[in-house]
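Working notes, structure below.
What follows is calculated from the coordinates using simple rules that are stated; it is not laboratory data. Predicted model, so just to flag it, every value in this text is computed and none were measured. Here the Cβ is made from the backbone with ideal geometry for all residues, glycine too, and neighbour counts use every protein chain on show.
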Amino acid sequence: MIADPSTLHTLLRRLAPDDLDRIVEIELSAYPYPWTRGIFADCLRVGYDCWGLQAGIELIGYTIQTHAAGENHLLNLCVAPEQQGKGYGSILLDHAIRLARQQDCFCIFLEVRPSNPAGIRLYRRNGFSVVAERPDYYRSDQGRESALVMKLDLE
């Protein structure tokens, strides 16, 4: 188990294929309908921006994002459930925003489940606002769940 985050050195680093086992472990523990190992492997293979957050020696979270035509899309931001609520999500999101700015993107889009109030709060605290809804976007225990589309203007 990881110690108090204030006492640990954190490191943001590019993810590599060697990280796939830990990524999938985090993903499976965090989501009832997780991404597959193949999806993560494809993201790495095609060159998406795949970054991990390491606390001490352990990978505890990651982001996957892509950009084109001046827009950035944050596809996945996840922190291991046992590490949530400690500020690690903010570290990952801050990095994703910095990266989008370095790529001269003028905005970032993401989708989030309405049933994820902690995620929505994190994004709102960082300036994201809801701009649309995608009906029946996510699988859920009730069949399907809509996605809130959120956007952050970077200009």
Notebook entry, point to check: Out of the DSSP beta bridges found with both residues in segment 1-141, what percent are antiparallel (nearest 5)?
Noted result: 85 percent
Item checked: Total formal charge among the other residues, if their Cβ is under 12 angstrom from that of residue 133, Lys/Arg +1 and Asp/Glu -1 -> -1
Next item on the list: Report relative contact order for segment 49-155 in percent, whole number only (criteria: Cα-Cα under 8 Å, sequence separation at least 6).
Entry: 22 percent
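How much length is gained on full extension from residue 118 to residue 155, taking 0.36 nm per residue of separation minus their Cα-Cα distance? If you can, show how the numbers build up before the last one.
Working: separation 37, 0.36 × 37 = 13.32 nm, distance 2.60 nm.
The span from residue 118 to residue 155 would gain 10.7 nm if fully extended.
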Item checked: Prolate/oblate/rounded label for segment 1-101 (Cα gyration tensor, a/c 1.5) -> oblate
Check: Taking the chain as a Gaussian network, Cα atoms linked when under 10 Å apart, which of 101, 113, 144 shows the biggest mean-square fluctuation?
Finding: 144
Check: Helix-derived [θ] at 222 nm for the chain: sum -39500 (n - 2.57) over DSSP H runs of at least 4, divide by residue count, nearest 500?
Finding: -9000 deg cm²/dmol
Note to self: I need the shape label for segment 29-155. Rule: rounded when a/c is under 1.5, else prolate if a/b > b/c, else oblate, with a, b, c from the alpha carbon gyration tensor.
What the structure shows: rounded
Notebook entry, point to check: Taking the Cα centre of each part, how many Å lie between segment 25-75 and segment 105-139?
Noted result: 17 Å
Next item on the list: Please label the shape of segment 69-132 as rounded, prolate or oblate, based on the square roots a ≥ b ≥ c of the eigenvalues of the alpha-carbon gyration tensor (a/c under 1.5 means rounded; beyond that, a/b larger than b/c means prolate, else oblate).
Entry: oblate
Notebook entry, point to check: With each pseudo-label sitting 7 Å past Cα toward Cβ, what's the residue 29-residue 10 distance in nm, one decimal?
Noted result: 1.7 nm
Next item on the list: List, in order, the whole-Hz ³J(HN,Hα) value for each residue of segment 110-119 obtained from phi through the Karplus relation with A = 6.51, B = -1.76, C = 1.60 and θ = phi - 60°; use x for Gly and Pro.
Entry: 7, 10, 9, 6, x, 7, 10, x, 5, x
